[in-house]
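*Asks:* Could you have a look at this structure, given as structure tokens, before my questions?
Values in this text are rule-based calculations from the coordinates and carry no lab data. All of these numbers come straight from a predicted model, not from anything done at the bench. Cβ placement follows ideal geometry from the backbone for every residue including glycine, while neighbour counts extend to all protein chains displayed.
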Amino acid sequence: MRIVELILDEESELGIEAISVVESPAIEEDFIALKSQEFKLAEVDGERRILMGALLIPNKPIYRRNGEDEYYIYFSKDTVLKASQMYLMNSKQNNSTLEHKYEIEGLSLVESWIVEDKVHDKSVKFGMDLPLGTWVGSVKVNNDQIWNEFVKTGKVKGFSIEGYFADKMERPKDQTIKDELAQIEEEEAEYLLKEIKAIIKNDKRVKGGKKMVLESYSDYPSSVSNNAKRGLKLNEAVNNKCATQVGKVRAQQLAQGKPISKETIKRMFSYLSRAEAYYKPEDTEACGTISFLLWGGKSAKTWAEAKLKQLEND
């Protein structure tokens, strides 16, 4: 069964439209919901009529069916974060419905946050065990009918999100980025192989035991090494799924402050110039971000460009 990632298009009208209180949160057409048996509402303050609950959970496979077509959808942490931000930026916090059918007044999202700590997050205090990256909200109920007839009687048990998302379909775009970056790194590998063969060939021809020595440079800033170290750490966190062996070796070289040749600097600048389009600093799990950092990031690109100009003028 295929798995589809849903995303937000920040340039369109797509996004979360309302929060619905429901008895049995489930997936409906155009609705994103949580399973009530897993994540229920917590009554934070009965006198002030405030309810807390999970609104959107990252990387959670959700079954959907459209006619005979069955598949799963999921949201990345980045999409959950963007959804929570856009909901408030678009002033939707007072939009609410009952069972996704009836528009109701008097319900407002008064608190909104992303779970970043499994131990100290506010939700833990109320007995919730939510994954990191979950969007949680507290809703104030200033509607006597909803509070008395639905909340106090237990007819509604959870929040459900109403919204519209774009389909990434099949595989995430991250795989396409990985393929394109791998192609660039393969070009680097072919170049390195030719360079090594040339060195070996020249070594055999040199008399008197002298070897050809390539001039190299290690005066790149510490930020280059730090970026490479961060890239290695981030890649390790995603099971080293990003970059080819060439990119990983380059990162180790930069992280250790080892000298690199003029030709390598040229390749570095070329790679970073092309790979920068895939660099999204807010998405630390994306291969475009990780690969860019493995090669030293923006600091390396700036240094490489300046170094090449310096060497040309010398």
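*Asks:* How many percent of the alpha carbon pairs in region 243-314 exceed a separation of 16 Å?
*Replies:* So the portion of pairs separated by more than 16 Å is 45 percent.
*Asks:* A further question follows. How many angstrom separate the Cα center of region 236-314 from the Cα center of region 145-165?
*Replies:* 50
*Asks:* Within 10 Å of each residue's Cβ, count the other Cβ atoms and sort MET268, MET86 from fewest upward.
*Replies:* MET86, MET268
*Asks:* So, by mean Cβ neighbours within 10 angstrom, what's the order for 107-114, 291-298 with the highest one leading?
*Replies:* Highest to lowest by the protection proxy: 291-298, 107-114.
*Asks:* For the residues ARG267, ARG49, ARG250, what sequence is obtained by ranking on other C-beta atoms within 10 Å, fewest first?
*Replies:* Listed from fewest to most nearby Cβ atoms, that is ARG49, ARG267, ARG250.
*Asks:* Which of the pairs LYS77/LYS280; LYS233/LYS266; LYS262/LYS298; LYS248/LYS301; LYS125/LYS152 have their Cα atoms more than 23 Å apart in this structure?
*Replies:* Details: LYS77/LYS280 14 Å; LYS233/LYS266 25 Å; LYS262/LYS298 18 Å; LYS248/LYS301 17 Å; LYS125/LYS152 21 Å.
Flagged as over cut-off: LYS233/LYS266.
*Asks:* Using alpha carbon coordinates only, what is the Rg to Rh ratio of region 101-153, with Rh defined as the Kirkwood radius?
*Replies:* Here Rg/Rh amounts to 1.08.
*Asks:* Could I ask something else about it? May I ask for the percentage of alpha-carbon pairs in region 46-122 that lie more than 14 Å from each other?
*Replies:* Working: 2163 of 2926 pairs.
Within region 46-122, distances greater than 14 Å cover 74 percent of Cα pairs.
*Asks:* So which trypsin sites (Lys or Arg not before Pro) in region 98-137 end up in coil per DSSP with only 15 or fewer other C-beta atoms within 10 Å?
*Replies:* For trypsin sites (Lys or Arg not before Pro) across region 98-137 that sit outside H, G, I, E and B with at most 15 neighbouring Cβ atoms in 10 Å, the list reads LYS101, LYS118.
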